[in-house]
Amino acid sequence: MSSYFPVNCQVCSPNMKNVDLFYKYEGLGKTYYISKGKFNTDVEAMDMCKTLCAYLAEIDDQAEGDLVIKMLESQDTTGMLIAGSDRSKEGDWKYDRTGRHVKYFNWCNGEPNNVKNEDCMGYKKGLSCMWDYSCYYRYKNFHLRYLCEV
Ligand SMILES: [Ca+2]
Ligand SMILES: [Ca+2]
């Protein structure tokens, strides 16, 4: 007897305990999860997104960027980490997940400035634009969260 379904079909089920560590938003046909807490490293943030069957948010265009800014402004935080890194080559921004180049940027004035080797990126609350951020948490006075999408 044959089956219509591939034998190795794997369905991801989110870790419900981890889902509680995020605020959930719907928009543009996607689901977004904003972390309630800050991140230690971008790798940790990416791993946490994976447990939700999601990935660190990749901002494809201005519509998505505007939605993320709206989400960010509703949060008590200083900024939000998104996907994209130039750690392999300075100024060459790529997604770790796919290896593809980041195609949408909305840098704030003077950014990216790579202060002390900032190789990750995110949105800064109140400015509605992107900064390059450190990939590990070192901003003592910042409350920097991260965003997953699926
Ligand atoms: Ca950099
Ligand atoms: Ca910067």
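Each reported figure results from applying straightforward, stated rules to the coordinates on display, with no laboratory input. Since this is a predicted model, take the numbers as computed values, not measurements. Because the Cβ atoms are built from the backbone with ideal geometry, glycine has one as well, and the counts that use them run over all protein chains shown.
Residue-wise HN-Hα couplings along the range 94-104, as the Karplus relation 6.51 cos²θ - 1.76 cosθ + 1.60 with θ = phi - 60° gives them from phi, are 9, 8, 4, 5, 10, x, 7, 6, 5, 10, 10 Hz; Gly and Pro carry x.
Residue separation of Asn114 and Val150 scaled by 0.36 nm, minus their Cα-Cα distance, works out to 10.1 nm of gained length. When all alpha carbon pairs of the range 45-103 are counted in 10 Å bins from zero, the resulting P(r) reads 21, 46, 32, 2 %.
Order these by the 10 Å Cβ neighbour count, fewest first: Met71, Met130. Present the calculation step by step, with values, prior to reporting the outcome.
Numbers: Met71 18, Met130 25.
Lowest to highest Cβ neighbour count: Met71, Met130.
A straight chain from Glu90 to Glu26 at 0.36 nm per residue would run longer than the Cα-Cα distance by 19.7 nm.
With all pairs of different alpha carbon atoms counted, what Kirkwood hydrodynamic radius in Å does the range 8-88 show? All intermediate terms of the calculation are to be shown ahead of the outcome.
Numbers: mean 1/r = 0.0728 Å⁻¹.
After inverting the pairwise mean of 1/r, the radius is 13.7 Å.
Counting neighbouring Cβ atoms within 10 Å and putting the fewest first, the residues Val19, Val115, Val102 line up as Val115, Val19, Val102.
Under conditions of 37 °C and 0.692 mPa s, the chain yields 206 µm² s⁻¹ as its translational diffusion coefficient, taking Rh as the Kirkwood radius over Cα pairs in the Stokes-Einstein equation.
What ranking, highest mean first, results for peptides 39-49, 86-96 when packing means the other Cβ atoms within 10 Å averaged over each residue? Don't skip to the answer; put the middle values down first.
Working: 39-49: 17.9, 86-96: 14.1.
Highest mean packing first, the order is 39-49, 86-96.
Residues Ser74, Ser35, ranked from the fewest to the most other C-beta atoms within 10 Å, line up as Ser74, Ser35. Mean sequence separation of contacting Cα pairs (under 8 Å, at least six apart), scaled by the length of the chain, corresponds to a relative contact order of 30 percent. Projected label points at Val19 and Arg97, each 7 Å from Cα along the beta carbon direction, are separated by 1.8 nanometres.
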